1. When you scan segment 337-382, how many residues do you find that are more than 21 Å from the chain's Cα centre (by Cα) and either of a type in the set (K, R) or closer than 15 Å to T400 by Cα (or both)?
2. Within segment 253-267, does at least one residue satisfy the condition of being touching a His at 6+ places or on another chain (Cβ under 8 Å), more than 28 Å from C526 (Cα to Cα), crowded, with 17+ Cβ neighbours inside 10 Å and hydrophobic (A, V, I, L, M, F, W, C)?
3. Is there a residue in segment 221-239 that is open to solvent by 70 Å² or more (accessible area, probe 1.4 Å), farther than 18 Å from L187 by Cα, without any contact (Cβ under 8 Å) to a residue 40 or more places away in the chain and not in a loop (DSSP other than H, G, I, E, B)?
4. Could you run through segment 484-505 and say how many residues are buried (at least 20 other Cβ atoms within 10 Å of the Cβ) and among the hydrophobic types (A, V, I, L, M, F, W, C)?
5. Does I168 satisfy the criteria of being open to solvent by less than 40 Å² (accessible area, probe 1.4 Å), out of contact with any Pro (no Cβ under 6 Å at 6 or more places or on another chain) and of a type in the set (V, I, T)?
6. Of all residues in segment 450-493, which are within 14 Å of the chain's Cα centre (by Cα) and part of a helix (DSSP H, G or I)?
7. I need the full set of residues from segment 397-419 which are without any contact (Cβ under 8 Å) to a residue 40 or more places away in the chain, over 24 Å from F108 (Cβ atoms), outside any helix (DSSP H, G or I) and open to solvent by less than 60 Å² (accessible area, probe 1.4 Å), in order please.
8. Quick check: is even one residue across segment 202-219 within 23 Å of R151 (Cα to Cα), outside any strand (DSSP E or B), within 34 Å of the chain's Cα centre (by Cα) and in contact (Cβ under 8 Å) with a residue 12 or more places away in the chain?
Amino acid sequence: MKLLLRCCLMLKNLKRFTFSLKMKKKKRERNIRLPDSNDLFVGLDGILWRKRHRVFSFISAVSCCLLLLLFAFSVLTPPPTATDHFLFHHISAVRKTQAVESIFDKAFEVPASGGNLGRDLWSSSQSKFYYGCSKASKTFPSADRKTHPNRYLMIATSGGLNQQRTGIIDAVVVAYILNATLVVPKLDKQSYWKDTSDFAEIFNVDLFISSLERDVEIIKELPRNGGEAWVPHMRVPRKCNSECYQTRVLPVLSIKHVVELTKFDYRLSNRLETDLQKLRCRVNYHALRFTDPILEMGKILVERMRMKAKHFVALHLRFEPDMLAFSGCYYGGGEEEREELGAIRKRWETLPVSNPEKVRRHGRCPLTPEEIGLMLRALGFGSDVHIYVASGEVYGGEKTLAPLKALFPNFHSKETIATKEELAPFSAFSARMAALDYIVCDESDVFVTNNNGNMARILAGRRRYFGHKPTIRPNAKKLYKLFSDRNNTTWDEFASKVRTYQIGFMGEPKEVKPGRGEFHENPDSCICETKDLKSSQDQDRNNGVEVSDEQEQQSLEQGPDWTDTDYLDNNVVLTKRGQPEEEEFFSD
């Protein structure tokens with residue numbers, strides 16, 4: 001209505017203005033006279049004035065018409081339909097989506113300070129209620145009462161340092177089961193690592209013998225008995241239990257008096273009676289110690305890390321070409337990567353054709369160095385944290401490591417904190433170099449493992465036994481999708497999901513249900529609870545500090561979600577019930 005009134009007012013004023021012009025024109029016509037030379041310019045002025053007023057009148061008339069048309073259109077046009085609303089909102093949604101995507105690109109900026117885990121990063125509040133306990137029970141017969149006087153067991157281990165360690169531990173238990181004297185095990189010198197070291201060059205052999213003398217008689221060499229004896233060789237199935245050894249090996253041992261078990265790793269059942277499990281722990285955590293030169297160099301490395309920071313993280317990166325090739329994973333390196341890793345895979349003829357996407361979706365691929373770095377930042381480890389990296393040749397070299405180093409500039413390895421001269425006695429021997437990494441990882445405040453190989457398992461169990469020091473294992477199956485979609489989320493959402501997915505994978509007590517996983521990784525028979533545990537749990541419940549049902553379900557029932565990324569030895573296959581048995585070649 002206001003618009004209509006304004007239009008009418010403008011028309012009324014226009015009429016008055018036009019009428020005024022007409023009257024002035026008539027007045028001028030009455031006073032016409034012949035112009036002289038002085039009137040020439042005045043006449044021209046009048047002509048121009050009249051033209052300007054005509055133009056002004058025309059523009060005013062057109063403007064009024066346009067205003068009237070606009071008013072009529074607004075009154076007569078029907079209201080917008082549902083289709084119009086849909087199109088409008090669709091276009092708006094598209095624009096908003098584009099805007100949000102650009103915001104996400106900026107929002108996923110990794111902060112230097114990391115996330116907030118909601119707990120102490122460097123320790124477990126519950127660890128004080130658990131301790132390692134591996135003493136034999138009073139009913140466990142001692143070696144002097146049960147060892148047969150003319151029965152000797154020889155063991156040939158397999159694989160790298162930590163794979164051989166599992167064989168040595170189980171060899172002691174098998175000797176006990178067979179009532180035999182154990183000859184100090186032979187170390188593998190032929191497999192991938194080609195290390196020529198003997199047992200006594202890596203482990204303290206005298207301590208090994210003396211600390212186990214109550215359980216098993218151990219000697220350094222087989223008695224000659226006046227001549228070179230022929231020693232029968234045998235190989236037992238994997239996960240062979242006590243009855244299996246008594247059925248398969250004992251009859252031969254009783255006749256020949258000596259037998260050598262070859263390729264001896266993971267040849268003993270994961271589940272044994274409690275006293276035999278505790279014997280495993282006495283061997284692993286007390287009897288099997290490195291030689292003094294290795295321990296001294298390892299101590300130097302740890303001290304130098306402590307000089308750099310009060311706390312430090314040790315990362316077993318395990319992103320070497322052989323690891324990636326065996327796992328069948330693919331990391332976006334194009335045809336060049338497929339050819340390189342495919343050539344390495346040919347080393348193991350029995351490996352099936354891999355489906356990289358399926359393998360990664362099931363959590364069976366190591367995380368990339370960048371993904372490890374993002375996980376640690378989301379858990380709360382800031383850029384000031386010092387990281388010791390235990391690794392061999394990283395696939396892709398410095399280019400692959402660059403994102404991790406950008407997230408954690410305080411990046412160290414034994415090669416960066418020790419001189420070549422200091423490492424010279426060890427550098428030519430892969431097992432001794434691995435032993436140095438083992439020591440630093442064991443002494444670290446937080447240990448992060450990127451695969452389920454022997455070193456990861458052995459150290460996870462050891463750290464549980466000695467106080468449940470935090471051991472972080474990536475929940476690779478769930479993190480896979482999160483890493484894939486990280487460009488479509490904000491950093492805060494990403495970090496929150498990482499912390500949720502990692503519940504049950506942080507090395508806390510009772511994370512893994514007893515009996516789940518390898519015993520070397522979860523030595524539940526050798527971990528005891530203090531008397532104060534129940535009162536502490538009751539107090540936590542009274543204070544409202546209680547694990548949710550969802551967290552308990554994930555941490556206890558789901559169990560560890562990491563793969564058996566085990567290695568095949570490319571030399572030997574063994575028949576079991578007429579079928580070839582793949583020799584696992586575990587990564588260290």
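The values are calculated or read from the model by the stated rules, or taken from the named source; none is laboratory data. A quick note: this is a predicted structure, and the numbers were derived from the prediction, not measured. Cβ: placed from backbone, ideal geometry, glycine included. Neighbour counts: every protein chain shown. Side chains are part of the model used for accessible areas, which takes the heavy atoms of the whole protein and leaves out ligands, DNA and RNA. Shrake-Rupley method; radii C 1.70, N 1.55, O 1.52, S 1.80 Å.
1. Counting residues in segment 337-382 that are more than 21 Å from the chain's Cα centre (by Cα) and either of a type in the set (K, R) or closer than 15 Å to T400 by Cα (or both) gives 5.
2. Scanning segment 253-267, I find at least one residue that is touching a His at 6+ places or on another chain (Cβ under 8 Å), more than 28 Å from C526 (Cα to Cα), crowded, with 17+ Cβ neighbours inside 10 Å and hydrophobic (A, V, I, L, M, F, W, C), so the answer is yes.
3. Restricting attention to segment 221-239, the residues satisfying the condition of being open to solvent by 70 Å² or more (accessible area, probe 1.4 Å) are 221, 224-226, 228, 230, 233, 239.
Within this subset, residues satisfying the condition of being farther than 18 Å from L187 by Cα are 224-226, 228, 230, 239.
From what is left, the residues that are without any contact (Cβ under 8 Å) to a residue 40 or more places away in the chain are 224-226, 228, 230, 239.
The next check asks that each one be not in a loop (DSSP other than H, G, I, E, B); those that pass are none.
No - not one qualifying residue is present in segment 221-239.
4. 4
5. Values: open to solvent by less than 40 Å² (accessible area, probe 1.4 Å): yes; out of contact with any Pro (no Cβ under 6 Å at 6 or more places or on another chain): no; of a type in the set (V, I, T): yes.
It is false that I168 is open to solvent by less than 40 Å² (accessible area, probe 1.4 Å), out of contact with any Pro (no Cβ under 6 Å at 6 or more places or on another chain) and of a type in the set (V, I, T).
6. Across segment 450-493, the qualifying residues are A456, A476, K477, K478, L479, Y480, K481, L482, F483, S484.
7. Listed by number, the list holds a single entry, S413.
8. no
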